[in-house]
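The values are calculated or read from the model by the stated rules, or taken from the named source; none is laboratory data. Predicted model, so just to flag it, every value in this text is computed and none were measured. No Cβ is skipped: glycine too gets one built from the backbone with ideal geometry, and neighbour counts run over all protein chains shown. The accessibility values were calculated without ligands, DNA or RNA, using every heavy atom of the protein model including side chains. Shrake-Rupley method; radii C 1.70, N 1.55, O 1.52, S 1.80 Å.
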Amino acid sequence: MNRRHDIDALRALAFGLVILYHVAMYYVADWHWHLKSPHVAEWLQWPMRALNLWRMDLVFLISGVAFGFLRQGHAPLRLIGRRSLRLGVPLAFGMAVVVPYQVYVQVVDNGSIGPGFLAFLARYFTGGPWPRGAFDGWEAGVTWNHLWYLAYLWVYTGVLALLTPVLDSAAGQRLRIAFTRLRGPALLLLPMVPLALYSFTLWPRFPPTHDLIHDAWLHAVYFTLFVYGYWIGVDAGLWAALRRLRWIALALALGWFALHVSLRTAAVGGAPAWRLAARLAADAYLWTSLVAVLGWAHHRLNRPWPWLGWANESVYPWYVLHQTLILALAVLLAPLALGPVAEPTVLLLGTVLGCWVLTDGLVRRSAWLRPLFGLSPRARPRCPSPASPARPAARSA
């Protein structure tokens, strides 16, 4: 399959939203995060929720599209092996090198331990013990924090690769064809049905944990969208349908979100039925938002942008690095008391600058760092074989 510029651009922009979201997590009031600024704001909750309800779903859907490219010409076990290296090595490296500082600033801030990074590392790498609730994942002694996506993607990739015989069977192909032939109202409604079923059955019992084992509701949602992405692929007819629906989907998404806000407000202190109704409105908002994003991306981004090559190789290191940079900069900026406008501006710009400097100045240039951040080795220039000496270049006339 030919590479699609809009999918590449959307992948980069989706991870850019992840970085922006995590910067905002430092400032949104009443939402748990590793640190909180003195300048927290309640008004951030609704725009953050508007983004939160579909941002990672979009990432997993795009990852499903990428799986369709990756499986071409690869046996399932070989594909699992390749993806295990590409995902597992950065996950292990990130947990050992990048994430520990995030844990350190959290446990110092909440008083679980005193300052002293080396003493913390000695305790962290031996598994604690830790006071209850010292940090996210304290029960296991270590954590992957924002890198949970890599673990989930590795699992979904392995499961879908092992299901290749089913996907390629006659029944599997009929199901894929039925999905890619959805048009109009059917495309806006039918893919919501599994999401709504998960909200009825799993959502009340399995709140989000990001601990891989006890995250049944999120696994069901994310894996379904991963499969949707695989089915969507580069099917020209379906992408044309998404493009035609972009305005309708955008209007519906706004309407569903307004309904979600109203129902969620009514659910405060109310019956569980109100909470479930708000959740179902969120499912409808999620899918119509994805249809709108995909349709607009195909309409506006499907061209060879000059920054795409750089973005494709930079997005993985930026994802691994960004949250530690946010927290490190937050600690450095806190004593300066820059205020509620200057501080988040400097924090965002500093995070972007730090990701760029570390990625372009160090990671991409280092042969041994590249695989630790999910990048393929640089292609080595071919040397002429002694048996076939290179021909001299033709002289210009």
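The residues of the chain present an accessible area of 50 Å² per residue when probed at 1.4 Å with all protein chains retained.
Here the scattering of the range 36-192 is modelled by Debye summation over its C-alpha atoms, one equal scatterer each and no solvent; at q = 0.14, 0.17, 0.20, 0.21 Å⁻¹ the log10 of I(q)/I(0) is -0.93, -1.10, -1.25, -1.31.
For the chain, the longest stretch holding no trypsin sites (Lys or Arg not before Pro) located in a DSSP loop with at most 12 other Cβ atoms within 10 Å is which? For trypsin sites (Lys or Arg not before Pro) (loop position, at most 12 other Cβ atoms within 10 Å), the longest site-free span of the chain is 206-364. Label-to-label distance, W31 versus W310, with points set 7 angstrom from Cα along the beta-carbon direction: 2.9 nm. Structural descriptor for the chain: relative contact order 24 percent, calculated from alpha carbon pairs under 8 angstrom and at least 6 residues apart. Size descriptor for the range 193-343, Kirkwood hydrodynamic radius: 18.9 Å (Cα pairs only, one decimal). FRET efficiency for T126 and A271, Cβ-Cβ distance as r, R0 = 51 Å, nearest 0.05? That gives a FRET efficiency of 0.60. Summarising the label geometry, the points placed 7 Å from Cα in the beta-carbon direction at R244 and H74 lie 3.5 nm from one another. Could you tell me what percent of the accessible area of the chain is made up of carbon and sulfur, with a 1.4 Å probe and every protein chain present? Within the chain, the accessible surface is 67 percent carbon and sulfur. Maximal additional length on extending the L13-R303 stretch stands at 102.9 nm, based on 0.36 nm per residue less the C-alpha distance. Other residues within the sphere of radius under 11 Å centred on the Cβ of F257, judged by their own Cβ, net out at +2 (K and R +1, D and E -1). Screening the chain for DSSP H helices whose Cα atoms reach 18 Å or more along their own axis and whose mean Kyte hydropathy is at least 1.6 gives 55-70, 342-358.
Positive-end ranking of A12, A266, Y285 along the dipole of the chain, with charges on Cβ about the Cα centre, is headed by A12.
About the centre of its Cα atoms, the range 85-200 shows a dipole size close to 480 debye [charges on the beta carbon of Lys, Arg (+1) and Asp, Glu (-1) only; nearest 20 debye]. Kirkwood's formula applied to the C-alpha pairs of the chain gives a hydrodynamic radius of 23.2 angstrom.
Local charge for H34 was computed over the other residues whose Cβ lies under 14 Å away, with Lys and Arg +1 and Asp and Glu -1, and equals -1. Taking a ≥ b ≥ c as the square roots of the eigenvalues of the alpha carbon gyration tensor, the range 202-260 is oblate, as a/c is not under 1.5 and a/b does not beat b/c. For the chain, the Cβ-based charge dipole about the Cα centre amounts to some 1660 debye (Lys, Arg positive; Asp, Glu negative; other atoms uncharged).
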